[in-house]
Every structure is written in structure tokens, then in C-alpha cells.
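One structure is given here, and the rest of the page talks about it.
The values are calculated or read from the model by the stated rules, or taken from the named source; none is laboratory data. Just so it is clear, the model here is predicted, and its values are computed rather than measured. When the accessible area is computed, the model is the full protein with side chains, heavy atoms only, and any ligands, DNA or RNA have been set aside. Shrake-Rupley method; radii C 1.70, N 1.55, O 1.52, S 1.80 Å.
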Amino acid sequence: MKKYTDIEIVIGLQKKNSNIERWFFEECKDYFMNKFHEIFFDQDQREEIFQDSFLRLWTQIENKRICIDHNVVCRINKDGHCVPLTCSLTTFLMAIAKNEYRELIRNTKEIYLQDYYDVTPYNILPPCLEGDIDEARKQLVDDCLQQISPRCLEILTMFYIHGMSLDEILSVRKENTSKIGLKSAKYKCLNTLRDKVIHLLRDLRIDF
């Protein structure tokens, strides 16, 4: 089987080359599983950590936060500067995984539904929403749900409200996409919802 360089991978993913997508996923998974025991102790969370870490890497490449500049794989840093990536994509994946692992341990007891409604990072609410904080937050989210695309609304509702797995959602929706593609879509939809809530708070002149 043909192997691809990091430059070919970045270009291929951004062009949605299905052969490179499949190859890169399998390459990352093999590398991750081989290295996992050297870094982490919790074997039960291995698959979840990989899926979340790979999704973050995939998203950075797709959104061109990781890109090719003068035939070099680069990354856009926090200051917005394009700097050369000083490691391979698989090594960068493991760096992401370390952060994912810390986050997973920190949030082990949290449930998905809390993530769904916990999109308002502020405790200050407008007068019209004073009272029960949980109900107020839910009201904000419900209002913003009406502003996102029907596809996003359906995906988020299936996953967070009905508790359906990604495989079940794929089966019901019968989309021409992969499980990773659906997970990426869910991730983007949740971020879109979060942005809508933040903009609504701004419109209501909430200081934060």
C-alpha cells in the first residue's frame, strides 16, 4: 500500500481525497495504539481518546490551521503566525491526545447532556431570564437552536437528547459520510450553537 508524506496528507485531506483520508485514519490509529501504553494508564478510554484527538487534528487540517507554506507543513499559532510544524503529524496527534486525556480525567463524571446545555460560559443573565439558572440557560440554548441549520439541529438532537450513537445516526440519516465525518459535523454544530448563544448574550448587552 502506498505511503503518504505529511505534505501529501495535508493537501489530500484539504482536497477531501478519500484514499488519503482512509489511509491517514488507519495510520494514525495504528501509531496511536502502539504508543498509547507508553503515555497513558487508562486502557478503557483508549478508543475515545483516539477518536477525539484524531478529530481535533483532522479539523485543524481541514480548517487550514495546519497548512502547507513553501512546501513545508506549518501551523497557525495563537498569534496568527504561520510557523513550521516541528514534528510529524502523528507525533502532533499524541500531543493532542495528552491534552484530551487530561480533559477526560477531569470530566469523567460529566454527562453529554450537560455539554449540550452548558454553552453559556457566563453566570450573568439578562433580567428577562432571571430566576432558575438552569432553566434560563436551557431557554437561551433552545432559542439559539432555532437559528442553526436543520441538519445541525437534527444531529445534536439525536446525539444529546435521544442518546443515539454515531453509528445509529449514520444509519437513520443515511448520509454519504464516514463516522469521522459525522463526528466532525457534530463538533462543528456544537461550536456553532455556542457561538449563537454568545452572540445572543452580546445582543442583550450582557457584560462578560
**Message:** Please list, ordered by residue number, the helices (runs of 4 or more DSSP H) wholly in the stretch 27-127 having 2 or more residues that are modelled with pLDDT of 85 or more.
**Reply:** 46-62, 89-106
**Message:** Among the residues in the stretch 146-155, are any at pLDDT 80 or above, small (Gly, Ala, Ser) and either open to solvent by 20 Å² or more (accessible area, probe 1.4 Å) or more than 22 Å from residue 47 (Cα to Cα) (or both)?
**Reply:** yes
